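The values are calculated or read from the model by the stated rules, or taken from the named source; none is laboratory data. In this text the structure is predicted, and so the values were computed from the model without any measurement. Because the Cβ atoms are built from the backbone with ideal geometry, glycine has one as well, and the counts that use them run over all protein chains shown.
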Amino acid sequence: KLIGIINDFDGYKDLNSLASWLLFSGQQVGTLEELFEQGFWHCIRQSDYPVANGYLDGLEIISESFHSLLPRFKDKEKVLLVLDPPYLCTRQESYKQATYFDLIDFLRLVNLIKPPYIFFSSTKSEFIRFLEYMQEDKKDNWQTFEDCKRIIVKASASYSGAYEDNLVYKF
């Protein structure tokens, strides 16, 4: 019945929102067809979300590859980088991207970062270990991560899988 309601809806269907509401925590899919093949977990919100009119007023929101976006803002003040790239060696279906985010993309991204930034990561990737290596061996752009701060949140996608979410930042 729910699949029929989704298919009959004549508006925009946000796959990531649908997956987060209907699938068990942490599961990702790349298409509606993949979603419909999964077993749904009962977590449909029973009330409307609060209205957030004006929440992003005054912000310029840009959707563009970091390859071209970050160099344009390299020397500008009042730019805060909020970075949440796909984790290396993980499934990437929930990210809207034309190509797979690979090791070379990750290294290029790290070389383009400058403070201030907020970088989301997890122990599902080796980002923290990579930062330690960069600083110990003084690799390109290591100063960007010197004295950065880290907030750790213990998380669990299921009863058997625990990990840490990390927020790495420097202002």
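Being in a loop (DSSP other than H, G, I, E, B) and either closer than 30 Å to Pro115 by Cα or in contact (Cβ under 8 Å) with a residue 12 or more places away in the chain (or both): is that true of Glu64 here? For Glu64, the condition - in a loop (DSSP other than H, G, I, E, B) and either closer than 30 Å to Pro115 by Cα or in contact (Cβ under 8 Å) with a residue 12 or more places away in the chain (or both) - is met. The residue of the stretch 14-34 that is modelled with the lowest pLDDT, among those that are hydroxyl-bearing (Ser, Thr, Tyr) and surrounded by 12 or more Cβ atoms within 10 Å (Cβ to Cβ), is Ser25. Counting residues in the stretch 43-57 that are hydrophobic (A, V, I, L, M, F, W, C), surrounded by 10 or more Cβ atoms within 10 Å (Cβ to Cβ) and outside any loop (DSSP other than H, G, I, E, B) gives zero.
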